[in-house]
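Before any comments, here is the structure.
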Amino acid sequence: MTDSVTTFLAFLTLLGDILLVILALAYAFPYQFTKKIRHNANQLIHQYGLPFILLVSLSSLLGSLFFSEVALYAPCTLCWYQRIFMYPLAVLVLVSMRRKSKEVVHYILPLAIIGALIAAYNYIIQIQATLRPFDPAAPCSLNGTSCAVKYFFEFGYITIPLMALTAFLLIILISLVIKKGEK
């Protein structure tokens, strides 16, 4: 069961990475994309952006709980910090959707940015550990599980911190588009 869930979540991460690249290109190079495509993307994001952020944050929350409570992967210190910044996002977005307000993006952006920085740092540690195996100075290992531990390596690049990084980046990008549309 753990392998199936891991593969499913890795596939969702792969789809999220593809979506990130498409959205980043569409908004970074607006003149290469037609006005109609950008207009349609903006409409979709403004209509379904918050439910999408809720879906991403809830799947991240449930995925992290699955890995630690069902698969029994011990979270490292940086994983705990990522959880601290991811878990409130689902609650904030849910309350915001209930109130029919999009102002929540002002509150979730700082959480998502800090979480993304931590996830990126954790991923870098894992990649460095791959390049330099058996490093006795592995970071984060004094208080339990090393941050360099990779429980899986799907599609040649996806690990738990990369899953979190993808989720945070999607939340950031969608929030920025929503925020831009409010002005």
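With respect to the conditions (1) surrounded by 14 or more Cβ atoms within 10 Å (Cβ to Cβ); (2) part of a helix (DSSP H, G or I), residue 73 lacks only one, and its number is (2). Filtered by the rule that a residue be part of a loop (DSSP other than H, G, I, E, B) and not charged (D, E, K, R), segment 148-171 gives 148, 149, 151, 152, 153, 155, 156, 157, 159. If you check 114, 84 for being open to solvent by 60 Å² or more (accessible area, probe 1.4 Å), aliphatic (A, V, I, L, M), at pLDDT 90 or above and in contact with a Phe, Trp or Tyr (Cβ under 6 Å, 6 or more places away or on another chain), only one passes: 114.
Does residue 65 satisfy the condition of being open to solvent by 60 Å² or more (accessible area, probe 1.4 Å), under 27 Å from residue 8 (Cα atoms), free of Cβ contacts under 8 Å to residues at least 60 places away in the same chain and in a helix (DSSP H, G or I)? So residue 65 fits the description; yes. Evaluating residue 97 against the criteria (1) closer than 16 Å to residue 56 by Cβ; (2) out of contact with any Pro (no Cβ under 9 Å at 6 or more places or on another chain); (3) surrounded by fewer than 18 Cβ atoms within 10 Å (Cβ to Cβ); (4) of a type outside the set (Gly, Ala, Ser) leaves one unmet condition, (2). In segment 1-35, of all residues being loosely packed, with under 11 Cβ neighbours inside 10 Å and of a type in the set (Phe, Trp, Tyr), the one that is modelled with the highest pLDDT corresponds to 29. Of all the listed residues (119, 167), the sole one being touching a Pro at 6+ places or on another chain (Cβ under 6 Å), buried (at least 18 other Cβ atoms within 10 Å of the Cβ) and at pLDDT 90 or above is 119.
The values are calculated or read from the model by the stated rules, or taken from the named source; none is laboratory data. On a predicted model such as this, the values are computed, not experimentally measured, just so you know. Neighbour counts are summed over all protein chains in view; Cβ atoms, including those assigned to glycine, are modelled from backbone coordinates with ideal geometry. Just the protein is used for accessible areas: all its heavy atoms, side chains included, with ligands, DNA and RNA removed. Shrake-Rupley method; radii C 1.70, N 1.55, O 1.52, S 1.80 Å.
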